[in-house]
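Q: Take this structure, written in structure tokens, and hold onto it; I'll ask about it next.
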Amino acid sequence: MTVPRLLVLTDRRQLPDGRGLVDTVARCAEAGATTVVLRELDLCEDERAELAVALVARVQVVSARTALASACGVHLASHQPISDAGSLFHGRSCHGPDGVARAVGEGASWVTVSPVAQTPSKPGYGPPLGTDGVRRAVAAAGGTPVYALGGVEVATVASLRAAGAHGVAVMGAVMRAADPAAVVSGFLAELGV
């Protein structure tokens, strides 16, 4: 798996009426997105596996929490045992430097650190880490790529990168957008991709 600067996390429940997830991901791919983290955790594993197959034709797919045959990696929740990743390339959700250090010690190839700001996708989740929290997470990562997640906007990318983030992970900003391709293009431009 290539570790990109932008991770797009899926959530079909946030899509505007009438737009499907595969179409949204296709638009993101046309704009330059290369990797999605397939969430859709309310679906059974067979449905998630079918969705992953449909997406793999367009982008690299990382499966959230469980290994899927067509996915190139697994993104573990902060509380999951490392054994859930199997032999796949894996990352982990973290919420501060201690979690980052633990994930890196267990062999994570990347981590997300969240929430960096208030987020409509998970209201009340936090407290926000801000750029100082991202900086501390990056220090704890010791060179492992750190993605800033949660309330990330195009306008905040430069400050998150200046704090040392390898890139950003976004969900709601893309999923809720009337024009997801334009949003992805904006993120990629700020990330220098």
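Q: Which peptide among 106-113, 167-174, 64-71 comes first, and what is the full order, when sorted by highest mean count of other Cβ atoms within 10 Å?
A: By packing density, highest mean first, the sequence is 167-174, 106-113, 64-71.
Q: Counting only residues 5 or more places away or on other chains, whose amide H sits under 5 Å from the amide H of residue 40 once H atoms are built in the peptide plane?
A: 12
Q: What percent of all Cα-Cα pairs in the stretch 46-95 falls into each 10 Å bin, going from 0 up to the bin containing the maximum distance?
A: Whole-percent P(r) values from 0 Å outward: 30, 50, 19, 1.
Q: Put +1 on the Cβ of every Lys and Arg and -1 on every Asp and Glu Cβ in the chain; which of 162, 107, 31 then has its Cα farthest towards the positive end of the dipole?
A: Farthest along the dipole direction, towards plus: 162.
Q: Once you order the gyration tensor axes a ≥ b ≥ c over the Cα atoms, which shape class does the stretch 132-193 get: rounded for a/c under 1.5, otherwise prolate or oblate by comparing a/b with b/c?
A: Since a/c reaches 1.5 and a/b is larger than b/c, the shape of the stretch 132-193 is classed as prolate.
Q: Let me know the charge dipole size of the stretch 59-193 about its Cα centre in debye, to the nearest 20, where only the beta-carbon of Lys, Arg (+1) and Asp, Glu (-1) is charged.
A: My answer is approximately 120 debye.
Q: Below 8 Å between Cα atoms, with a sequence gap of 6+, how large is the relative contact order for the chain in percent?
A: Reported as a whole number, the value is 22 percent.
Q: Sticking with this structure for a sec: When the scattering of the chain is computed by the Debye formula from its Cα atoms alone, each counted once and equally, what is log10 I(q)/I(0) at q = 0.11 Å⁻¹?
A: The Cα Debye sum returns log10 ratios of -0.43.
Q: Calculate the dipole size of the stretch 1-138 relative to its Cα centre from +1 charges on Lys and Arg beta carbons and -1 charges on Asp and Glu beta carbons; express the result in debye to the nearest 20.
A: Here the size comes out at about 440 debye.
Q: Among 158-164, 82-88, how do they line up by average Cβ neighbours within 10 Å per residue, starting with the highest?
A: 158-164, 82-88
Q: Measuring from label point to label point, each 7 Å out along Cα→Cβ, what is the residue 13 to residue 88 span in nm?
A: Going by the 7 Å Cα→Cβ label model, 2.1 nm.
Q: Projecting each Cα onto the charge dipole of the chain (Lys/Arg +1, Asp/Glu -1 at the beta carbon, about the Cα centre), which of 59, 178, 91 comes out farthest on the positive side?
A: Working it through, the farthest residue towards the positive pole turns out to be 91.
Q: List the residues, sorted by chain then number, that are 5 or more residues from residue 90 or on another chain and whose placed amide H is less than 5 Å from its amide H.
A: The answer is 74, 109.
Q: Let me ask something else. Taking square-rooted eigenvalues a ≥ b ≥ c of the alpha carbon gyration tensor, is the stretch 60-142 rounded, prolate or oblate, where a/c under 1.5 means rounded and, failing that, a/b exceeding b/c means prolate?
A: oblate
Q: Starting from the Cα of residue 50, step 7 Å along the direction of its Cβ; do the same at residue 78; then give the gap between the two resulting points in nm.
A: 3.4 nm
No value in this document is a laboratory result; all are computed from the given coordinates. This one's a predicted model, so the numbers in the text were calculated from it and none came from an experiment. Note that each Cβ is placed from the backbone with ideal geometry, even for glycine, and that neighbours are counted across all protein chains shown.
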